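**Q** Before we start, here is the structure in question, set down as C-alpha coordinates.
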Amino acid sequence: MSTNESGTNELLLRIEERYKKLSKGQKRLADYVCENYDKAVFLTAARLGEIVGVSESTVVRFATQLGYKGYPGFQKALEELVRNKLNSIQRMEVTYGRISQSEILATVLQSDIEKIKLTLAGIDQKVFELAIDTILNAKRIYVIGIRSCAPLAAFLSFYLNLICENVTAVNTNSSSEIFEQLIRINEDDVIIGISFPRYSMRTLKALEFASNRKAKVITLTDSVHSPMTLYSSCNLIARSDMASIVDSLVAPLSVVNALVVALCMKKQKEVVTTLETLEEIWDEYQVYSGDELNHVSDKLPMAPKEMEGKANE
(Lines give C-alpha, C1' and ligand atoms only; values in the text may rest on other atoms or scores of the structure.)
Protein backbone atom coordinates (compact mmCIF):
# COMPACT_ATOMS: atom_id res chain seq x y z
CA MET A 1 0.00 0.00 0.00
CA SER A 2 1.37 3.46 -0.94
CA THR A 3 2.12 6.27 1.50
CA ASN A 4 -0.84 8.23 0.22
CA GLU A 5 -3.23 5.39 0.85
CA SER A 6 -1.87 4.64 4.31
CA GLY A 7 -2.52 8.24 5.33
CA THR A 8 -6.19 8.01 4.49
CA ASN A 9 -6.73 4.36 5.52
CA GLU A 10 -5.09 4.50 8.94
CA LEU A 11 -8.09 2.93 10.70
CA LEU A 12 -8.30 0.04 8.25
CA LEU A 13 -4.58 -0.59 8.61
CA ARG A 14 -4.89 -0.76 12.40
CA ILE A 15 -7.74 -3.24 12.12
CA GLU A 16 -5.74 -5.38 9.68
CA GLU A 17 -2.62 -5.38 11.89
CA ARG A 18 -4.48 -6.26 15.11
CA TYR A 19 -7.24 -8.49 13.72
CA LYS A 20 -5.74 -11.83 14.84
CA LYS A 21 -5.48 -10.62 18.46
CA LEU A 22 -9.10 -9.47 18.67
CA SER A 23 -11.77 -11.42 20.54
CA LYS A 24 -14.67 -12.98 18.63
CA GLY A 25 -16.96 -10.06 19.45
CA GLN A 26 -14.30 -7.54 18.47
CA LYS A 27 -13.71 -9.36 15.18
CA ARG A 28 -17.43 -9.02 14.41
CA LEU A 29 -17.10 -5.31 15.11
CA ALA A 30 -14.03 -5.09 12.87
CA ASP A 31 -15.85 -6.88 10.03
CA TYR A 32 -18.87 -4.61 10.34
CA VAL A 33 -16.79 -1.42 10.40
CA CYS A 34 -14.73 -2.45 7.37
CA GLU A 35 -17.84 -3.25 5.35
CA ASN A 36 -20.13 -0.47 6.64
CA TYR A 37 -17.90 2.44 7.72
CA ASP A 38 -20.28 4.90 6.02
CA LYS A 39 -23.01 3.78 8.44
CA ALA A 40 -20.85 3.10 11.50
CA VAL A 41 -19.56 6.67 11.58
CA PHE A 42 -22.97 7.93 12.71
CA LEU A 43 -23.56 5.30 15.41
CA THR A 44 -23.07 5.62 19.15
CA ALA A 45 -21.08 2.93 20.91
CA ALA A 46 -24.29 1.48 22.32
CA ARG A 47 -26.03 1.42 18.94
CA LEU A 48 -23.01 -0.10 17.17
CA GLY A 49 -22.86 -2.83 19.81
CA GLU A 50 -26.59 -3.49 19.43
CA ILE A 51 -26.30 -3.90 15.64
CA VAL A 52 -23.31 -6.24 15.84
CA GLY A 53 -24.60 -8.14 18.85
CA VAL A 54 -22.04 -7.18 21.49
CA SER A 55 -22.12 -5.02 24.62
CA GLU A 56 -21.27 -1.31 24.67
CA SER A 57 -18.22 -2.07 26.83
CA THR A 58 -16.96 -4.47 24.12
CA VAL A 59 -17.20 -1.64 21.59
CA VAL A 60 -15.19 0.67 23.86
CA ARG A 61 -12.55 -2.04 24.45
CA PHE A 62 -12.41 -2.60 20.69
CA ALA A 63 -11.60 1.11 20.17
CA THR A 64 -8.92 0.96 22.86
CA GLN A 65 -7.47 -2.23 21.40
CA LEU A 66 -6.96 -0.37 18.12
CA GLY A 67 -4.94 2.29 19.92
CA TYR A 68 -7.54 5.05 20.22
CA LYS A 69 -8.46 7.03 23.33
CA GLY A 70 -11.84 5.46 23.83
CA TYR A 71 -14.79 5.53 21.45
CA PRO A 72 -14.55 9.28 20.61
CA GLY A 73 -11.03 8.79 19.24
CA PHE A 74 -12.19 5.80 17.22
CA GLN A 75 -15.16 7.75 15.85
CA LYS A 76 -12.88 10.62 14.78
CA ALA A 77 -10.74 8.13 12.84
CA LEU A 78 -13.93 6.80 11.25
CA GLU A 79 -14.87 10.32 10.17
CA GLU A 80 -11.46 10.75 8.49
CA LEU A 81 -11.93 7.46 6.66
CA VAL A 82 -15.45 8.35 5.53
CA ARG A 83 -14.43 11.78 4.25
CA ASN A 84 -11.83 10.22 1.98
CA LYS A 85 -13.78 7.14 0.93
CA LEU A 86 -17.31 8.28 0.20
CA ASN A 87 -18.18 9.23 -3.35
CA SER A 88 -20.63 12.02 -4.20
CA ILE A 89 -23.68 9.76 -4.31
CA GLN A 90 -22.88 8.23 -0.92
CA ARG A 91 -22.33 11.68 0.57
CA MET A 92 -25.76 12.76 -0.61
CA GLU A 93 -27.41 9.64 0.79
CA VAL A 94 -25.71 10.08 4.16
CA THR A 95 -26.60 13.77 4.39
CA TYR A 96 -30.23 13.38 3.36
CA GLY A 97 -30.56 10.59 5.91
CA ARG A 98 -29.40 12.92 8.71
CA ILE A 99 -30.96 16.32 7.97
CA SER A 100 -34.62 17.16 7.47
CA GLN A 101 -35.56 19.80 4.89
CA SER A 102 -36.57 22.33 7.56
CA GLU A 103 -33.20 22.04 9.32
CA ILE A 104 -30.91 22.43 6.32
CA LEU A 105 -30.15 26.16 6.59
CA ALA A 106 -29.46 26.14 10.32
CA THR A 107 -27.53 22.86 10.20
CA VAL A 108 -25.21 23.84 7.35
CA LEU A 109 -24.50 27.33 8.71
CA GLN A 110 -23.88 26.01 12.20
CA SER A 111 -21.55 23.37 10.78
CA ASP A 112 -19.58 26.06 8.94
CA ILE A 113 -19.30 28.12 12.12
CA GLU A 114 -17.99 25.06 13.93
CA LYS A 115 -15.38 24.42 11.21
CA ILE A 116 -14.05 27.98 11.54
CA LYS A 117 -13.82 27.59 15.33
CA LEU A 118 -11.97 24.28 15.00
CA THR A 119 -9.62 25.80 12.42
CA LEU A 120 -8.86 28.75 14.67
CA ALA A 121 -8.17 26.44 17.61
CA GLY A 122 -5.91 24.13 15.64
CA ILE A 123 -3.99 26.27 13.14
CA ASP A 124 -0.31 26.87 13.87
CA GLN A 125 0.51 30.61 14.06
CA LYS A 126 4.20 29.96 13.35
CA VAL A 127 3.32 28.05 10.19
CA PHE A 128 1.02 30.89 9.12
CA GLU A 129 3.84 33.43 9.59
CA LEU A 130 6.24 31.14 7.72
CA ALA A 131 3.80 31.04 4.81
CA ILE A 132 3.67 34.85 4.75
CA ASP A 133 7.46 35.21 4.76
CA THR A 134 7.85 32.50 2.12
CA ILE A 135 5.41 34.25 -0.22
CA LEU A 136 7.02 37.66 0.30
CA ASN A 137 10.52 36.31 -0.39
CA ALA A 138 9.57 34.31 -3.49
CA LYS A 139 10.62 35.46 -6.94
CA ARG A 140 7.57 33.86 -8.52
CA ILE A 141 4.35 32.61 -6.95
CA TYR A 142 2.26 29.79 -8.37
CA VAL A 143 -1.22 28.92 -7.09
CA ILE A 144 -3.02 25.68 -7.93
CA GLY A 145 -6.42 24.34 -6.94
CA ILE A 146 -8.61 21.96 -8.93
CA ARG A 147 -12.34 21.28 -9.19
CA SER A 148 -14.15 22.52 -6.05
CA CYS A 149 -10.89 24.13 -4.86
CA ALA A 150 -10.51 26.14 -8.09
CA PRO A 151 -12.55 29.11 -6.76
CA LEU A 152 -10.28 29.31 -3.70
CA ALA A 153 -7.20 29.30 -5.94
CA ALA A 154 -8.72 31.96 -8.22
CA PHE A 155 -9.68 34.15 -5.25
CA LEU A 156 -6.19 33.90 -3.74
CA SER A 157 -4.50 34.51 -7.11
CA PHE A 158 -6.63 37.60 -7.76
CA TYR A 159 -5.56 39.31 -4.54
CA LEU A 160 -1.96 38.09 -4.63
CA ASN A 161 -1.69 39.75 -8.03
CA LEU A 162 -2.54 43.10 -6.39
CA ILE A 163 0.09 42.58 -3.70
CA CYS A 164 2.99 40.73 -5.33
CA GLU A 165 4.69 40.51 -8.70
CA ASN A 166 4.93 37.41 -10.89
CA VAL A 167 1.83 35.57 -9.69
CA THR A 168 0.61 32.67 -11.81
CA ALA A 169 -2.76 31.01 -11.38
CA VAL A 170 -1.99 27.57 -12.79
CA ASN A 171 -4.42 26.57 -15.50
CA THR A 172 -5.56 23.04 -14.73
CA ASN A 173 -7.41 21.92 -17.85
CA SER A 174 -5.00 19.03 -18.34
CA SER A 175 -2.05 17.44 -16.58
CA SER A 176 0.36 18.27 -19.40
CA GLU A 177 -0.61 21.96 -19.29
CA ILE A 178 0.15 22.06 -15.57
CA PHE A 179 3.72 20.88 -16.06
CA GLU A 180 4.23 23.22 -19.01
CA GLN A 181 3.27 26.19 -16.81
CA LEU A 182 5.59 25.01 -14.03
CA ILE A 183 8.54 24.25 -16.31
CA ARG A 184 10.63 27.20 -15.06
CA ILE A 185 9.86 26.81 -11.35
CA ASN A 186 12.99 26.66 -9.16
CA GLU A 187 14.37 27.19 -5.66
CA ASP A 188 13.57 30.92 -5.76
CA ASP A 189 9.85 30.28 -6.26
CA VAL A 190 6.90 29.09 -4.21
CA ILE A 191 3.83 27.06 -5.12
CA ILE A 192 0.65 27.16 -3.07
CA GLY A 193 -1.42 23.99 -3.45
CA ILE A 194 -5.03 23.85 -2.28
CA SER A 195 -6.79 20.49 -1.97
CA PHE A 196 -9.42 18.90 0.26
CA PRO A 197 -11.13 15.50 0.19
CA ARG A 198 -11.48 13.98 -2.27
CA TYR A 199 -7.85 14.93 -2.95
CA SER A 200 -6.78 15.84 -6.47
CA MET A 201 -3.98 13.75 -7.96
CA ARG A 202 -3.17 16.55 -10.41
CA THR A 203 -2.55 18.97 -7.56
CA LEU A 204 -0.43 16.37 -5.77
CA LYS A 205 1.66 15.74 -8.90
CA ALA A 206 2.15 19.48 -9.39
CA LEU A 207 3.46 19.80 -5.82
CA GLU A 208 5.75 16.81 -6.36
CA PHE A 209 7.07 18.38 -9.59
CA ALA A 210 7.74 21.70 -7.82
CA SER A 211 9.36 20.01 -4.83
CA ASN A 212 11.70 18.04 -7.10
CA ARG A 213 12.87 21.38 -8.52
CA LYS A 214 13.61 22.68 -5.03
CA ALA A 215 10.74 25.20 -5.01
CA LYS A 216 9.11 26.10 -1.71
CA VAL A 217 5.76 24.37 -1.21
CA ILE A 218 2.84 25.70 0.83
CA THR A 219 -0.33 23.67 1.21
CA LEU A 220 -3.83 24.56 2.32
CA THR A 221 -5.53 21.30 3.23
CA ASP A 222 -7.66 19.65 5.90
CA SER A 223 -5.33 17.43 7.90
CA VAL A 224 -1.72 16.59 8.66
CA HIS A 225 -2.59 13.18 7.21
CA SER A 226 -3.51 14.72 3.85
CA PRO A 227 -1.31 13.45 1.00
CA MET A 228 -0.73 17.12 0.07
CA THR A 229 1.62 17.45 3.05
CA LEU A 230 4.10 14.94 1.59
CA TYR A 231 5.98 17.64 -0.32
CA SER A 232 5.55 20.57 2.04
CA SER A 233 6.95 21.68 5.39
CA CYS A 234 4.51 24.61 5.52
CA ASN A 235 1.01 23.21 5.90
CA LEU A 236 -1.96 25.44 6.67
CA ILE A 237 -4.66 23.20 8.13
CA ALA A 238 -8.28 24.30 7.73
CA ARG A 239 -11.23 22.10 8.61
CA SER A 240 -13.61 21.14 5.86
CA ASP A 241 -16.59 18.84 5.84
CA MET A 242 -19.05 17.20 3.53
CA ALA A 243 -22.54 18.56 3.10
CA SER A 244 -24.31 16.45 0.52
CA ILE A 245 -22.29 16.74 -2.71
CA VAL A 246 -20.99 20.14 -1.59
CA ASP A 247 -17.59 20.47 0.07
CA SER A 248 -17.71 23.03 2.87
CA LEU A 249 -14.77 25.34 2.19
CA VAL A 250 -15.79 28.24 4.41
CA ALA A 251 -12.93 27.77 6.88
CA PRO A 252 -10.30 27.45 4.11
CA LEU A 253 -11.62 30.67 2.57
CA SER A 254 -11.21 32.39 5.94
CA VAL A 255 -7.57 31.26 6.04
CA VAL A 256 -7.09 32.62 2.51
CA ASN A 257 -8.59 35.94 3.66
CA ALA A 258 -6.16 36.00 6.60
CA LEU A 259 -3.23 35.37 4.25
CA VAL A 260 -4.27 38.25 2.02
CA VAL A 261 -4.76 40.67 4.93
CA ALA A 262 -1.42 39.70 6.49
CA LEU A 263 0.37 40.23 3.17
CA CYS A 264 -1.31 43.61 2.71
CA MET A 265 -0.15 44.66 6.17
CA LYS A 266 3.43 43.70 5.28
CA LYS A 267 3.34 45.63 1.97
CA GLN A 268 1.05 48.53 2.75
CA LYS A 269 2.84 51.18 0.65
CA GLU A 270 3.07 48.97 -2.44
CA VAL A 271 -0.58 47.93 -2.14
CA VAL A 272 -1.78 51.54 -1.77
CA THR A 273 0.24 52.57 -4.83
CA THR A 274 -1.19 49.68 -6.84
CA LEU A 275 -4.75 50.44 -5.80
CA GLU A 276 -4.38 54.15 -6.64
CA THR A 277 -3.17 53.22 -10.11
CA LEU A 278 -6.00 50.73 -10.54
CA GLU A 279 -8.60 53.28 -9.46
CA GLU A 280 -7.39 55.63 -12.22
CA ILE A 281 -7.52 52.80 -14.77
CA TRP A 282 -10.98 51.71 -13.62
CA ASP A 283 -12.28 55.28 -13.96
CA GLU A 284 -10.64 55.83 -17.36
CA TYR A 285 -11.96 52.60 -18.85
CA GLN A 286 -15.26 52.60 -16.95
CA VAL A 287 -14.62 49.19 -15.40
CA TYR A 288 -17.31 49.73 -12.80
CA SER A 289 -20.76 51.01 -13.68
CA GLY A 290 -21.65 54.45 -12.39
CA ASP A 291 -25.16 53.17 -11.69
CA GLU A 292 -23.76 51.31 -8.69
CA LEU A 293 -22.98 54.64 -7.03
CA ASN A 294 -25.90 56.81 -8.15
CA HIS A 295 -29.21 56.88 -6.33
CA VAL A 296 -32.33 56.28 -8.41
CA SER A 297 -34.12 59.55 -9.12
CA ASP A 298 -37.18 60.26 -7.00
CA LYS A 299 -39.04 61.25 -10.17
CA LEU A 300 -39.98 58.61 -12.71
CA PRO A 301 -39.21 59.42 -16.38
CA MET A 302 -42.16 60.91 -18.24
CA ALA A 303 -44.04 58.95 -20.87
CA PRO A 304 -43.70 60.15 -24.50
CA LYS A 305 -47.21 61.79 -24.50
CA GLU A 306 -46.42 63.69 -21.31
CA MET A 307 -43.19 64.93 -22.88
CA GLU A 308 -45.11 66.17 -25.93
CA GLY A 309 -47.48 68.03 -23.64
CA LYS A 310 -44.66 69.72 -21.82
CA ALA A 311 -43.06 70.75 -25.11
CA ASN A 312 -46.29 72.41 -26.29
CA GLU A 313 -46.75 74.45 -23.11
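**Q** For labels at Lys20 and Asn36 in the simple 7 Å Cα→Cβ model, what's the distance in nm?
**A** Modelled inter-label distance: 2.8 nm.
**Q** Here's a follow-up. Accessible surface of Ile183 in the full protein assembly, 1.4 angstrom probe, to the nearest 10 Å²?
**A** 100
**Q** What pairs in Lys21/Lys69; Lys216/Lys267; Lys27/Lys115; Lys216/Lys266; Lys117/Lys205; Lys139/Lys266 have C-alpha atoms more than 25 Å from each other? Can you show the working numbers first?
**A** Values: Lys21/Lys69 19 Å; Lys216/Lys267 21 Å; Lys27/Lys115 34 Å; Lys216/Lys266 20 Å; Lys117/Lys205 31 Å; Lys139/Lys266 16 Å.
Flagged as over cut-off: Lys27/Lys115; Lys117/Lys205.
**Q** Considering only protein heavy atoms, what is the solvent-accessible area of Asp133 at a probe of 1.4 Å, reported in Å² to the nearest 10?
**A** Taking all protein chains as shown, Asp133 has close to 70 Å².
**Q** Report the full-extension gain for the segment Leu136 to Glu208: residue separation times 0.36 nm, less the Cα-Cα distance, to one decimal in nm.
**A** Details: separation 72, 0.36 × 72 = 25.92 nm, distance 2.19 nm.
In short, 23.7 nm is gained.
**Q** Next question. So in the range 138-287, what percent of DSSP beta bridges are antiparallel if you round to the nearest 5? Display every interim value, and only then the final one.
**A** Numbers: 3 of 20 bridges.
If I count the DSSP bridges inside the range 138-287, around 15 percent turn out antiparallel.
**Q** Students sometimes get this wrong: rank Thr44, Thr229 by accessible area, probe 1.4 Å, all chains present, largest first. Before the final figure, lay out the partial values.
**A** Numbers: Thr44 85, Thr229 25 Å².
Correct descending sequence by accessible area is Thr44, Thr229.
**Q** In what order, largest first, do Arg213, Arg147, Arg184 sit by accessible area if the probe radius is 1.4 Å? Don't skip to the answer; put the middle values down first.
**A** Values: Arg213 95, Arg147 190, Arg184 170 Å².
Per-residue accessible area, sorted high to low, gives Arg147, Arg184, Arg213.
**Q** Could you sort the peptides 111-123, 195-207 by per-residue average Cβ neighbour count (10 Å cutoff), highest mean leading? Can you show the working numbers first?
**A** Working: 111-123: 15.3, 195-207: 21.8.
Per-residue Cβ counts within 10 Å, averaged per peptide and sorted highest first, yield 195-207, 111-123.
The values are calculated or read from the model by the stated rules, or taken from the named source; none is laboratory data. Keep in mind it's a predicted model, so treat the numbers as computed, not measured. In this analysis, Cβ positions are derived from the backbone assuming ideal geometry, glycine residues included, and neighbour counts consider all displayed protein chains. The accessibility values were calculated without ligands, DNA or RNA, using every heavy atom of the protein model including side chains. Shrake-Rupley method; radii C 1.70, N 1.55, O 1.52, S 1.80 Å.
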